[in-house]
Amino acid sequence: MALVTLKNVTYQYPLTETPVLKNVSLEVNEGEFVTVIGPNGAGKSTLCYAISGFIPHFFKGELSGSVKVAGVEVRDSNLSEWVANVGLAFQNPFNQISGAKYTVYEEVAFGLENLGIPREEMKNRVEETLAMTGIRHLAERSPYSLSGGQQQRVSLASILVMQPRVLVLDEPTSQLDPIGTREVFGVIREMSRRGMTVILVEHKVEWIAEFADRVVALHEGEILLEGAPGKVLTDPRLPDKHFGISRYTQAARAAAESGLWPAGRRLPVTLDEAVEGFSKSAQR
Amino acid sequence: MHERLSLYIHRESPLHRLNPLTKLTLTFALILVAFSSPWYWTATGLIFAVVAPLSFVGKVQREYFWTALRLLAPVTGFIFVMQSFFLPGGETELFQFAFLRLTSETLAQAYLTAIRIFVMVSSFILFLLTTHPSELMGDLTRRGLPGQFAYVIVSTLQIIPQMQAKAQTIIAAQRSRGLDTEGAFLKRVGALVPLVGPLVFGSLVEVEERAIAIEARGFTSARPKTFLRELPDTPADKLIRWTLVVLVLLTFAANLWLS
């Protein structure tokens, strides 16, 4: 059974003329890793807010259709109960630090204090999460003294410690350098491997191809394409609609036009796929 | 870069182990007694008999004396000098030059005001040196202070240095585009204008994101909160607090009785 179900979701922010999400229907199964791609203004962040309960509980505006997680309708719940099930992390690492705590350890425990988790269990969970996200050694540091990648891992840990059933991530690496990106993706991949359901909005196509089960392409508030990463990410319609395309796909497409890519072979997304394809065509 | 706004110094001491509310009560008791006591030398006595010895108990005597000397001595010194010369009245003239007039009465009154302010600020310094802001707010929240209120206090303390750093970045960016930030006073005031927009509006945008971030962590949860830090409130704490309350009431009574 699907853990997250969106049915005909249409949403319009207050004081705006047009809906940002138009009739979006999406199902995500327990343990699945779904990545959402789309050009700027496609409604990716809005989709994240809709799944994580911030629409309709934080952003007003007009919502129609149904959003359910584990069978519960978002309208029938409240935000603080909802966030215990659906964790949200977003782009700016700095703005996700609560500012109420002086050490990373306390920062990670903040959500559990709010949820009223007993102290012993709180400590166990914080220790476990710090180890899992690889920030054990930062426990006594101030969250503000960390690098972007470290801060983003603290934000992830702060959400993961609440043991949500779904993790919603809105471009968590877009403000990070390559090292920070790798650190954060390492944590996300590990969570997915442990069975966490992940919905990730991301531009870095080569990373997506490596570990998403399914890719959803969002365009002007509607789902344009949905399917296996290799299929969606190489779809010929994407470049014209301003989606981010892997440079390996671009190179292979150009090569294919000159007959330099093996006929009938799917275009590559990652370096490995490109090397494999090009060496096949070189052998001929 | 990472300025400390909290004065807190971590040490192992009986004063650090006291419940934050007990220390807060002590601070206010010292202030109330210093200001309402009918005896002239009470405030001075409190400094030498209570506040200064307590700084040794709390093992923060060095920081305490240093802060008192650097911050407090100039301010109270200034108050003392100004009041001595400009308070009206007084019979026993000690000194007169142009509009300056010093009498032993104004001198006594000025000393009293200055030393009372000294007690007030220095007992706060001692309190802040030995009480972690998180512990204080955690304890007060547990006693019924709204979580939002505690959050605003603690996060403001944390965010001010971040704002300063951001202001520096914006100033550097504006200067690199030719903004002149040096020279005459009016020119420098004018140079602040291009700083205000990015800093204030940027911060307002950030507020929404931070609100989402703390909501995502259940900040407004209706469940009873729990606390990571253990804050024992011992019978000794309660005894000290009630004793202090009684002492303050006795001082008030003495003040009424003798006046």
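The values are calculated or read from the model by the stated rules, or taken from the named source; none is laboratory data. Not measured: the values here are computed from a predicted model. Cβ sites come from the backbone with ideal geometry, for glycine too, and all protein chains shown count toward neighbours.
Among all residue pairs at least 6 apart or on different chains, which show Cβ distances below 9 Å where the first residue, located in the stretch B:245-259, is surrounded by 14 or more Cβ atoms within 10 Å (Cβ to Cβ) and the second is of a type in the set (Gly, Ala, Ser) and not in a helix (DSSP H, G or I)?
These pairs meet every condition: B:THR251/B:SER37; B:ALA254/B:SER37; B:ASN255/B:SER37.
Looking at (1) away from chain A (no Cβ under 14 Å); (2) touching a residue at least 60 places away in the same chain (Cβ under 8 Å), find the lone condition where B:ARG188 falls short.
Of everything listed in (1) away from chain A (no Cβ under 14 Å); (2) touching a residue at least 60 places away in the same chain (Cβ under 8 Å), B:ARG188 misses just condition (2).
Let me spell it out: the conditions are (1) closer than 30 Å to B:ILE79 by Cα; (2) in contact with a helix residue (DSSP H, G or I) (Cβ under 7 Å, 6 or more places away or on another chain); (3) not assigned by TED's automatic domain parsing to the domain that holds B:PRO88, and B:GLN109 meets all of them except one. Which number is the exception?
With respect to (1) closer than 30 Å to B:ILE79 by Cα; (2) in contact with a helix residue (DSSP H, G or I) (Cβ under 7 Å, 6 or more places away or on another chain); (3) not assigned by TED's automatic domain parsing to the domain that holds B:PRO88, B:GLN109 is out only on (3).
Looking for whichever is surrounded by 10 or more Cβ atoms within 10 Å (Cβ to Cβ), within 14 Å of another protein chain (Cβ to nearest Cβ) and of a type outside the set (A, V, I, L, M) here; the options are B:GLN164, B:GLN174. Which one fits?
Going through B:GLN164, B:GLN174 in turn, just one is surrounded by 10 or more Cβ atoms within 10 Å (Cβ to Cβ), within 14 Å of another protein chain (Cβ to nearest Cβ) and of a type outside the set (A, V, I, L, M): B:GLN164.
Is there a residue in the stretch B:215-237 that is within 14 Å of chain A (Cβ to nearest Cβ) and part of a helix (DSSP H, G or I)?
yes
Please state which of the following conditions A:ARG153 fails to meet, knowing it meets all the rest: (1) buried (at least 18 other Cβ atoms within 10 Å of the Cβ); (2) among the basic types (Lys, Arg); (3) over 30 Å from A:ALA209 (Cα atoms).
(3)
Quick check on B:ALA98: is it touching a residue at least 40 places away in the same chain (Cβ under 8 Å), more than 26 Å from the chain's Cα centre (by Cα) and assigned by TED's automatic domain parsing to the domain that holds B:GLU12?
no
Taking the condition of being in a helix (DSSP H, G or I), more than 9 Å from chain B (Cβ to nearest Cβ) and under 22 Å from the mean Cα position of the chain (by Cα), how many residues in the stretch A:76-106 meet it?
Total satisfying the criteria: 2.
Could you name every one of the helices (runs of 4 or more DSSP H) located completely within the stretch B:67-160 that has at least 1 residues being hydroxyl-bearing (Ser, Thr, Tyr) and surrounded by fewer than 18 Cβ atoms within 10 Å (Cβ to Cβ)?
B:104-130
What tally of residues in the stretch A:107-136 results from selecting those that are more than 16 Å from B:ILE214 (Cβ to Cβ), more than 7 Å from every other protein chain (Cβ to nearest Cβ) and assigned to a helix (DSSP H, G or I)?
Number of matching residues: 13.
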